[in-house]
Amino acid sequence: MAFGSRPWGALLLLPLLLPAACRAGGGCEREDGPLEPFDALYTTGVEAYYGGDFAGAARCLERALRSRRELRDARLRCRRLCRGQVRLAVPGPGAGGDLPFFGSVLRRAGCVRRCEEPRLGAASRHRAAEEVRADFQRRVPYSYLQRAYIQLNKLEEAANAAHTFFMANPEHMEIQQDIENYKNTAGKVSLIDREAKQHMEDYSAGVKHYDKEEYELAIDFLERALKGYYSEDEDCQIMCEGPQRFEEHEYLEYKAGLYEAIADHYMQVLACKHDCVRELATRSGRISPIENFLPLHYDYLQFAYYRVGDYVKALECAKSYLLFHPDDEDVLENASYYEGLLEGTMDPDTVKPRKEAKTLLRRHKLESHLLQVTAAGLGYTYTEPNYWNRYGARQDEHSVPSSISSEPEEGPRLFLAKKPMPKPDRELKEGGPLLYSDVKFVYNSQQLNGTQRVLLDNVISEEQCRELHRVASGIMLAGDGYRGKTSPHTPNERFEGATVLKALKYGYEGRVPLKSARLFYDISEKARRIVESYFMLNSTLYFSYTHLVCRTALSGQQERRNDLSHPIHADNCLLDPEANECWKEPPAYTFRDYSALLYMNADFEGGEFIFTEMDAKTVTASIKPKCGRMISFSSGGENPHGVKAVTKGQRCAVALWFTLDPLYRELERIQADEVIAMLDQEHLGPSETNINPKDEL
């Protein structure tokens, strides 16, 4: 049975931080004393996995997951305890009037420290690196656990680990097949998401019962979901009171005054607390929240209570929903209808919105006010997100329930409109001239089963490929262009890269032939002209980023491998496969408009470029790289794409991203243009590359 290979993730070498028990014999049995840091346990588990000690790997990885949960629980318990034991005093007037307040702050800090230290030890022991925190956010430990458990023939544990990983990584094309393999081998398997948020599970169950017109069950689950939501909101608020990062300066060099320092820290705490609404509406490992999440509970409940004949609760929930959307005409009509049903038996005005909803919304508005006022006063940049978008039913189960169509016209209604598809911000065209007589057209969008796609051959010659490959070997550095990470997308390959400016710099210094260095510049300009012409753009296409990149399969790590060299993604938006959406918001490079990949070689195995549907699973086109072949496409959610695993050899290409907005021109490209102009003036290296297009083909 061929299951997937080694998963991707940050592999940190922390031998000095490893638990003593693990260093001594590869075990993680030690339970006494302070809590072991989860990052050290994780590192030990990964090392044990790659060393073939699968029992030790499973043991350490399970301990790492448990340690991370216990760390959070301990911090929550202590902060909650000290909130109750040490109340913050109100500052008084006059000199020394602030002492009672700061005295209570110091006492609370001491309370938290005394509470945490016996279980956690020194706070510095639990400051995990960002890469490790990101791995846990993406549930990478469960991917290792899956492989370890299958080696130990623990199929049920393996299936649950695979399912847990997949729930946060739906773009992982092979993991679902692994789960099917487990089912076929072990028989009926009840898949458990080990990191599920209970309030999310209850909400989903409530909506499913609603869709089946099982209204009493729907009410039970939705009410339970609300209770869990408000409990999780309190926990989220407390956890935001932990350490914050000061990205614009080193903490030890920080010279701000008392109140500036307090403001700096509290602004970050406040922004974190304000964003709990988004955090609680986002499924684990996902990017975007379920829009309008909290109000939707009340919207479903108002109609469900009506269907079971509890008109008081129906009105109460309708009024609670209207706190968030006071101008929602449909729910206003429903509320009026419920009031009519109650007339004669009670005064409808005595039915009030729920207290917890009023309290949360009042706090949320105050947070927003403080953030905006303080940002303006201290020079911060803050933009308030739209937390209660009422047209954001982005999950399938949020569609208009089938029961509505059977309602009498005068009855209440529940409208959960789908957000309309965004219209293109420009007219989409293709089929313009290729400009160069030697460039060969291969496939257009229709033949590639998509939109704004083109495949071309002979963009550069065999000799130019060889020359470019030679210069690449002289200028590329491992991790260049990937923030120093040598394996940014998969631990099974090494990534190396270089920019145009670096190539020209090395050429000017004589470290590589200047002619070869300039070739990189010239062919990227040739590619830009072709893309601009073929897609018939009415404005100039600028470089956004240019990167020569090679990915090399690492020996000894390719057996039964089925991860991707580059996961499915879009170039200018955040792909959300579950919602079938691509959110054009930071940290995506939202300014990118077109992309191109110009391949340099074919002497490797794997590495096919693939387009998929927005589900990140259904492949619509697969392209085998070869010298001179170029694939170009628009950068949005209409073109999700990725790269299959390179299992042998080295795959090299020039990756190009373009923008129509001159504000986002690539700075290094502008500097490279200046270098080229200087070289031409000095007659040091005029271009010998054929980049002058013909008027027409």
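The values are calculated or read from the model by the stated rules, or taken from the named source; none is laboratory data. The shown structure was predicted, so the numbers you read here are calculated from the model rather than taken from an experiment. So basically every Cβ, Gly included, is an ideal-geometry build from the backbone, and we count neighbours across all protein chains shown. Quick note on the areas: whole protein, heavy atoms, side chains included, nothing else; ligands and nucleic acids left out. Shrake-Rupley method; radii C 1.70, N 1.55, O 1.52, S 1.80 Å.
Among the residues that make up segment 661-669, is at least one of them farther than 15 Å from LEU597 by Cα, out of contact with any Phe, Trp or Tyr (no Cβ under 9 Å at 6 or more places or on another chain) and free of Cβ contacts under 8 Å to residues at least 60 places away in the same chain?
Taking segment 661-669 as the starting set, the residues that turn out to be farther than 15 Å from LEU597 by Cα are 661-669.
Remaining after also requiring out of contact with any Phe, Trp or Tyr (no Cβ under 9 Å at 6 or more places or on another chain): 667.
From what is left, the residues that are free of Cβ contacts under 8 Å to residues at least 60 places away in the same chain are 667.
So far as segment 661-669 goes, yes, one or more of its residues are farther than 15 Å from LEU597 by Cα, out of contact with any Phe, Trp or Tyr (no Cβ under 9 Å at 6 or more places or on another chain) and free of Cβ contacts under 8 Å to residues at least 60 places away in the same chain.
Candidates TYR594, TYR589: the one that is touching a helix residue (DSSP H, G or I) at 6+ places or on another chain (Cβ under 6 Å) and either assigned by the TED database to the domain that holds ASN639 or of a type in the set (A, V, I, L, M) (or both) is TYR594. Taken over segment 53-86, the residue count meeting the criterion of being open to solvent by 10 Å² or more (accessible area, probe 1.4 Å) and touching a Gly at 6+ places or on another chain (Cβ under 6 Å) is 1. The set of residues in segment 462-479 that are out of contact with any Cys (no Cβ under 8 Å at 6 or more places or on another chain), in contact (Cβ under 8 Å) with a residue 24 or more places away in the chain and open to solvent by 10 Å² or more (accessible area, probe 1.4 Å) comprises GLN464, GLU467, ARG470, GLY474.
The set of residues in segment 97-139 that are closer than 17 Å to ALA40 by Cα and surrounded by 18 or more Cβ atoms within 10 Å (Cβ to Cβ) comprises LEU120, HIS126, ALA128, VAL132, ASP135, PHE136, ARG139. Picking from residues in segment 620-650 that are surrounded by fewer than 23 Cβ atoms within 10 Å (Cβ to Cβ), more than 13 Å from ILE568 (Cβ to Cβ) and of a type in the set (Lys, Arg), the one that is modelled with the lowest pLDDT is LYS648.
Right, LEU519: closer than 15 Å to SER595 by Cα, at pLDDT 90 or above and not assigned by the TED database to the domain that holds ALA168 or not? No, not satisfied. Within segment 453-479, the set of residues being assigned to a loop (DSSP other than H, G, I, E, B) and either within 12 Å of LEU598 (Cα to Cα) or modelled with pLDDT of 95 or more (or both) comprises ASN458, VAL459, ILE460, SER461. Scanning segment 480-506 for residues that are at pLDDT 75 or above, within 30 Å of the chain's Cα centre (by Cα) and open to solvent by 50 Å² or more (accessible area, probe 1.4 Å) returns a single hit, ARG494.
Out of everything in segment 235-261 that is in a helix (DSSP H, G or I) and surrounded by 13 or more Cβ atoms within 10 Å (Cβ to Cβ), what residue ends up being modelled with the lowest pLDDT? Filtering first and then ranking leaves ALA261. One residue stands out in segment 594-619 among those that are of a type in the set (D, E, K, R) and more than 17 Å from LEU575 (Cβ to Cβ): the one that is farthest from the chain's Cα centre (by Cα), namely ASP603.
Return the only residue of ASP310, ASP299 being acidic (Asp, Glu), at pLDDT 90 or above and open to solvent by less than 30 Å² (accessible area, probe 1.4 Å). Working first, answer last.
Working: ASP310 fails: open to solvent by less than 30 Å² (accessible area, probe 1.4 Å).
Exactly one of ASP310, ASP299 is acidic (Asp, Glu), at pLDDT 90 or above and open to solvent by less than 30 Å² (accessible area, probe 1.4 Å), namely ASP299.
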